[in-house]
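First comes the structure, then the notes that go with it.
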Amino acid sequence: MHLDKSNTISSLINSDIYESTESIEIIEPKIPKLLLQNELSVSLNKRNQIPPRNLDLYPKLVKDHVVIVLYVHNRPQYLQIVIDSLSRVEGISETLLIVSHDGYFEEMNKIVEGIKFCQVKQIFAPYSPHIFSNSFPGVSPRDCKDKDDPVEKQCEGTPDQYGNHRSPTIVSLKHHWWWMMNTVWDGLTETRHHSGHILFIEEDHFIYPNAYRNMQLLTELKSKKCPDCYAANLAPSEVKSRGEGWESLVAERMGNVGYAFNRTVWRKIHNKAAGFCTFDDYNWDITMWSTVYPSFGSPVYTLRGSRTSAVHFGKCGLHQGHSRNLACMDNGNVNIVVDELDKVANIKPEWEVRKYDHQAGYQAGFKGWGGWGDVRDHELCVEFAKICNISVYRPFDTRAHKP
């Protein structure tokens, strides 16, 4: 049974879903058929089963909490800033924070282990290219490089649409995001029956003190104020914007800074696994904008406030392009002004919604930036969609969750 056939799309994407443990059958995680795990991979798989820490400090989660997932790679200075900002978020002790690591890096691990302000669970991508030093999905001795001709060089690999072979460091971005999504929604004991929204942030997102309270309001107002909205965002889709400052809510194209959606939307995304896994772009977000969202058949709007509650400050790594007068990081410090208005919820339930139509940005027809042409990456990506998947669909109770 497809969820979007049991009710209207707008009502489903805005309602939190009750799921009985008797209505679903879970397949236990299995090893993707393409990979022979190494010792570190096996060890990380086991660590993913460890319960959250700080249960002695926060034994119970507040009803209707919004789970927060922070996905990280290896930028410890950035991570420390994000963790510090989260520690000042109003309501953070009420929820579960999941930190998803792309591989294992000891300094990153130590920072997360120091968190004391909420329940926190760590998960590590056990099939990350960063933990396979001499085999796929890392660098294999027989891999083609750059624009090698596989026949001439007798090497392994399928080039992208521009003739370039895979870079393990680059493809890890998309692999990690997709593995994380499948694991969080369908694989973890702590979240696979979660009926509400899940908020996703990155290691270079500075989170304002009012972010959690604002997100609670947005997820509650979404069904009433914007039936066509699939998600809620803490920040504008234009990363350089700090918001309009209007006394209204804003509906626009879904952004990639502080975004939250529910299980119904995840099911729609998961159903497009084949398109996601074969689209020739190493960026997960561009893939979503260019092929997954357009396949839904209607514009994919998100609801947000008119004043940002999160800022992308990344200046190094793969994300570039911030101006000097915007949030940036120098010598381990981040230059972000937090006004008094940003310390408390600043969204009003009585506000109307102003919608942006026909926004610029990636959309259907864009062919991708490449970097994702290797058939092995496509196959591994598809396997991730299977390892934690729900095997049997039976009718779900789609009643809206009432506080």
Count charges around Y71 for me, please; just the other residues with Cβ under 10 Å from its Cβ, Lys/Arg as +1, Asp/Glu as -1. -3
Sorted on mean Cβ neighbours within 10 Å (highest first), peptides 161-174, 349-362 come out as 161-174, 349-362
Beta carbons within 10 angstrom, averaged per residue: use that to sort the peptides 249-257, 114-122, highest first. 249-257, 114-122
Say a paramagnetic label sat at a point 7 Å from the Cα of N271, along Cα to Cβ; which residues of the stretch 184-204 have their backbone N under 19 Å from it? 185-186
Can you list, largest first and rounded to whole Å, the semi-axes you get for the stretch 109-178 by taking the square root of 5 times each eigenvalue of its Cα gyration tensor? 35, 12, 8
At q = 0.14, 0.17, 0.20, 0.23 1/Å the base-10 log of I(q)/I(0) from the Debye formula over the alpha-carbon atoms of the stretch 28-133 is -0.59, -0.83, -1.05, -1.26
Calculated FRET efficiency for the pair Q77/K116, C-beta based, R₀ 30 Å, to 0.05: 0.90
P(r) histogram, all alpha-carbon pairs of the stretch 175-255 included - 10 Å bins from 0, percent: 14, 43, 35, 8, 0
Area of E220 that stays accessible when all protein chains are in place (1.4 Å probe, Å², to 10): 90
Between the modelled labels at K367 and R142 (7 Å from Cα along Cα→Cβ) the distance in nm is 3.1
The local net charge around S248, scoring Lys/Arg +1 and Asp/Glu -1 for residues other than S248 whose Cβ lies under 13 Å from its Cβ, equals +1
Computed from every Cα-Cα pair in the stretch 106-226, P(r) in 5 Å bins starting at 0 and rounded to whole percents is 2, 8, 12, 15, 16, 13, 10, 9, 8, 5, 2, 1, 0
V151 and L341 label points (each 7 Å along its Cα→Cβ direction) are spaced in nm at 6.4
In what sequence, highest mean first, do 261-268, 237-244, 46-53 appear when ranked by Cβ atoms within 10 angstrom? 261-268, 237-244, 46-53
Placing +1 on the Cβ of each Lys and Arg and -1 on the Cβ of each Asp and Glu in the stretch 242-293, which of T278, V257, W289 has its Cα farthest towards the positive end of the resulting dipole? T278
Which residues in the stretch 200-243 have a backbone N closer than 18 Å to a point placed 7 Å from the Cα of R354 along the Cα-to-Cβ line? 225-226, 233-243
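The values are calculated or read from the model by the stated rules, or taken from the named source; none is laboratory data. Every value quoted in this text rests on a predicted model; they were computed, and no experiment measured them. Reconstructed Cβ throughout: ideal geometry from the backbone, glycine too, with neighbour counts over all protein chains shown. The area values use the complete protein model at the heavy-atom level, side chains included, leaving out ligands, DNA and RNA. Shrake-Rupley method; radii C 1.70, N 1.55, O 1.52, S 1.80 Å.
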